[in-house]
Amino acid sequence: MEMVEDKSLECPEKFDFPFPPYDIQNDFMKALYQTIENKKFGIFESPTGTGKSLSIICGATRWLKDHNEAQRKVLSDLVEQYQVEKEKLSKETTDWLILQSKEIEISRKLDRIRFQLNKILDYEDCIKKIIQSVRNKEVNYKERKFQGMKRIKSSLDESKITENIDDEMLVANEIEDEIFEEEDEDEDDDKYEPVKIYICSRTHSQLAQFVGEIVKSPFGKDVRAVSLGSRQVYCINPEVKRLKSMALINERCLDMQKKSVKSKKDEDGKTLKKQRTETKQCPYYKPQNIEDLRSVSLAEVLDVEDLIVAGKELKACPYYASRKAVDDSEIVLIPYNTLLHKATREANGIKLKNNVVIVDEAHNLLESLAQMHNSEVNFLQIDYAYRQLSGYKMRFATRFSSANLLMINQLIFVIKKLKNFLDKNSEVIRETKTEIFTVGNFVLTAEIDNFNLFKLIKFVKNTKISQKIHHYALKYPDDEISSNKPAKGLKSFLTSLSSSNKQAPKTPVEPETSEKKPQEVAPVNPLLSVISFLESLTYSYEDGRVMMVQDTDLKSKKFQFLLLNPSSQFTDIVKEARSVIVAGGTMKPIGEFKNRLFISSGVALDKIVEFSCDHIISPDNILPIIVNKGLQDQNLYFNFENRMKLGPNIRHILEEACKKVEGGIVVFFPSYHYENWVWEQLKDVSFGRPVFREPKNSGSVEAVLEKYAAAIKRSRKTGALLFSVVGGKLSEGLNFSDDLGRCVIVVGMPYANIKAADLKEKMNYLNEKEGTGAGNEFYENLCMKSVNQCIGRAVRHKNDYAVVLLIDERYNRTSTKNALPGWIKRSLQVSNSTGAFKLIEKFFQLKNN
């Protein structure tokens, strides 16, 4: 149904805010409002601590409310206008024929406008009833989150699940030519779909912060917001939740929603009769309960934990309830992968057409886009996938349809070719060898160019064969691939036909086996990794490269797909969405987002808006110092060759910092390896305060941070010292405000290994596409974006204050200083270590008086 064109909105001068906004916050909201209204694409930079999240919520939600109100008003005005025109007709003309013709035309327009208006009014009335019904029950799930829910322990073992699976469930499904999701498309044409704001961030904790800002905002009780997450995040069924991987959780979840097939067999093992039997159903997959939970999520703004608590209370699945709530939500909070990966976006029912997309924490958006579309598969995964698929075919060959058998044969052949290609010359390999191929060249060289990879991948997804083979491997771990039993009947004839057909590749009757080393551990569901790699080969040939690494270690032998042009995967988002905003605390260099993200995705230059604001803190509240010289005026140059010689300087700087700075000191090192080396040198040194280290295990981060904060709380004067790593778990998304981060020290410059084959290929690609020097510029920016994230961990509000020490003489280069945030550059000083600590002493004397 054709919609009436929107009436342009006038940007308000003031915005609803929980407190009187700072000028920079008001400017941010005005620029955001205008960018969305004018259907443009924005690059927004607002330093950490300036209330960026709250400004996004208040600015975007205000636009949404105004837009919806204007849409209703335009339609109401048109209804009134056409009614007046209809009444005037009889007075304007006496010609009956002309009168009837004009009246029919006006009536047609009037009916169309009324239909659109009634759709909106009926929809809003329905939503009000749902919300009122929930609120009448007066259940506060936010409070219940902290009361603790009773945990159910499960003794479920994945191998036990597999034992109960009938062989018929392991046989690949028949190939479906139609996508059933499209069947209801016509039915939904007349359904009113409200405009949505999709807010995307890197982690669930960052999205939870957005939920907190929504609740805190003036729109907290007048906006419908839902947080999307994976089954791994939302599942409350202990029997499924305990499974090791996301793939297994997804698979088990789907299995517990459908009926299984039991087959009755005769003495010779022939199937006589098939009948459907009930499998163990998920107790939380109940349509009415899920509908009730969806209503709860629309009536109250809940974060992931809140929704899980509500799900347990209502015995309803939060994963499916949140997905059902998307259609009627005004704000949808989603993690990066759900929005940016097309297949995941479509699987979650995310519709971007005419909606607004806001990507927060977007400083690494291009790198994240590339990373989530990169893939790799090692020799062990290929080898096991080949053996499992071959054994699977042998066991069930007589049960496959001819079409499925043909596809399985082709898949085996392709995997065998990959295995042989990776294993070539293995007997003469003595050290790691890396080769780079274009996608087209790789497909030809690997001899898999005669196959339709799109069709193969669709077959795997439609038949769910990777999950079936996973269960097959668990149920029949001792299947010998080489012990092929003679098959009988038509299926055997079809097998021989497919093998003898010269147009189709041959599949060995007795596949080769690889001898397992005693320490070899079978990879979990290796076919998934192989298919993910094959799917990468279907991307644009120009945008990707394939890296082949040959090594004596089987796990190190691998194929790796590298996406060199991430914007190719952003194009659909730009084309469909009304407006796309990328925002972050520091978006430098902005040109990278303008050229490599938006313009490369097809956005015209005049449609791109840039907004950048200063920090709310006073220049006197931040003391950034480049420390270029250390003990005895030794140059501080922490490159790879020199940094091990500078241990005494690090010790001196840390000891002096511990004497001059009360509260917390956070030290960022360029790598885990160097952090570990420094720790080994200094672990017996007494700094006069407890020392904590960033854990390598993500699950331990919270415990370390709690101990660090507790030590500072016990004695502000003594404080604590925290060793961290640039780009690690503590360098992004965490706040070291007030006494938690009175001093941030960045040791060295975290340059990536310029000799790495993948980085060299990326730099060469940029030099070819954008001109000489583009690759090196990318390399420098990669380093400085990481540094800026570390700096942003401190100074989180207007009255906060901190010292930032950049320990390396290279920070004093003009180009490097220009890459620092503006609020750092305005107060930046350069000194040797002795002069730096005199400045620090004076800085804290002024702050503590």
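Out of (1) closer than 30 Å to Ile791 by Cα; (2) among the aliphatic types (A, V, I, L, M); (3) part of a helix (DSSP H, G or I); (4) modelled with pLDDT of 95 or more, what's the single condition that is false for Ile36?
Among (1) closer than 30 Å to Ile791 by Cα; (2) among the aliphatic types (A, V, I, L, M); (3) part of a helix (DSSP H, G or I); (4) modelled with pLDDT of 95 or more, Ile36 violates only (1).
Residue by residue through the stretch 342-354, note down the ones that are outside any helix (DSSP H, G or I), open to solvent by 10 Å² or more (accessible area, probe 1.4 Å) and touching a residue at least 40 places away in the same chain (Cβ under 8 Å).
Asn348, Ile350, Lys351, Lys353, Asn354
Which residue out of Ser686, Ser698, Ser724 is touching a residue at least 40 places away in the same chain (Cβ under 8 Å), out of contact with any Gly (no Cβ under 8 Å at 6 or more places or on another chain) and either at negative phi or among the hydrophobic types (A, V, I, L, M, F, W, C) (or both)?
On inspection, the qualifying residue turns out to be Ser724.
Conditions (1) at pLDDT below 85; (2) among the aliphatic types (A, V, I, L, M); (3) assigned to a helix (DSSP H, G or I); (4) surrounded by 15 or more Cβ atoms within 10 Å (Cβ to Cβ), marked per residue:
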position: Asp449; (1), (2), (3), (4): no, no, no, no
position: Leu456; (1), (2), (3), (4): no, yes, yes, yes
position: Ile469; (1), (2), (3), (4): no, yes, yes, yes
position: Tyr472; (1), (2), (3), (4): yes, no, yes, yes
position: Pro477; (1), (2), (3), (4): yes, no, no, no
position: Glu480; (1), (2), (3), (4): yes, no, no, no
position: Asn484; (1), (2), (3), (4): yes, no, no, yes
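How about the stretch 536-564: which of its residues are closer than 14 Å to Gly440 by Cα and of a type in the set (D, E, K, R)?
Of everything in the stretch 536-564, those that are closer than 14 Å to Gly440 by Cα and of a type in the set (D, E, K, R) turn out to be Glu542, Asp543, Arg545.
Could you please tell me which pairs satisfy a Cβ distance under 7 Å, a separation of 6+ or placement on different chains, a first residue in the stretch 364-376 that is within 11 Å of Arg596 (Cβ to Cβ), and a second residue that is β-branched (Val, Ile, Thr) and modelled with pLDDT of 90 or more?
Leu365/Val359; Leu365/Val582
If you go through the stretch 533-551, how many residues are open to solvent by 10 Å² or more (accessible area, probe 1.4 Å) and within 12 Å of Asn378 (Cα to Cα)?
Adding up the residues that qualify gives 3.
Rundown of residues vs (1) open to solvent by less than 30 Å² (accessible area, probe 1.4 Å); (2) at pLDDT below 80; (3) part of a helix (DSSP H, G or I), yes/no style:
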| site | (1), (2), (3) |
| --- | --- |
| Lys221 | no, no, no |
| Gly229 | yes, no, no |
| Lys244 | no, yes, no |
| Leu248 | yes, yes, yes |
| Ser263 | yes, yes, no |
| Glu267 | no, yes, no |
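Looking at the stretch 235-257, I want the residues that are acidic (Asp, Glu) and have a partner that is outside any loop (DSSP other than H, G, I, E, B) and open to solvent by 20 Å² or more (accessible area, probe 1.4 Å) with Cβ atoms under 6 Å, at least 6 apart or on another chain. Which pairs are those?
Close Cβ pairs (under 6 Å, with a partner that is outside any loop (DSSP other than H, G, I, E, B) and open to solvent by 20 Å² or more (accessible area, probe 1.4 Å)) amount to Glu251/Gln467.
Those residues that are hydrophobic (A, V, I, L, M, F, W, C) and open to solvent by 10 Å² or more (accessible area, probe 1.4 Å), I need them from the stretch 381-406; list them, please.
Those that are hydrophobic (A, V, I, L, M, F, W, C) and open to solvent by 10 Å² or more (accessible area, probe 1.4 Å): Met394, Ala397, Ala403, Leu406.
Among the residues of the stretch 818-844, write down those that are assigned to a helix (DSSP H, G or I) and open to solvent by 60 Å² or more (accessible area, probe 1.4 Å).
Asn818, Lys825, Thr834, Lys838, Glu841, Lys842
Give the number of residues within the stretch 780-809 that are open to solvent by 30 Å² or more (accessible area, probe 1.4 Å), in contact with a helix residue (DSSP H, G or I) (Cβ under 8 Å, 6 or more places away or on another chain) and assigned to a helix (DSSP H, G or I).
2
If the requirement is being within 27 Å of the chain's Cα centre (by Cα) and more than 21 Å from Asn639 (Cβ to Cβ), which of these qualifies: Leu705, Leu759, Leu721, Leu740?
Exactly one of Leu705, Leu759, Leu721, Leu740 is within 27 Å of the chain's Cα centre (by Cα) and more than 21 Å from Asn639 (Cβ to Cβ), namely Leu705.
The values are calculated or read from the model by the stated rules, or taken from the named source; none is laboratory data. Quick caveat, the model's predicted, so the values are computed rather than measured. Neighbour counts run over all protein chains shown; Cβ positions are idealised from the backbone, glycine included. Ligands, DNA and RNA are stripped out before the accessible areas are found, and what is left, the full protein with its side chains, is counted by its heavy atoms. Shrake-Rupley method; radii C 1.70, N 1.55, O 1.52, S 1.80 Å.
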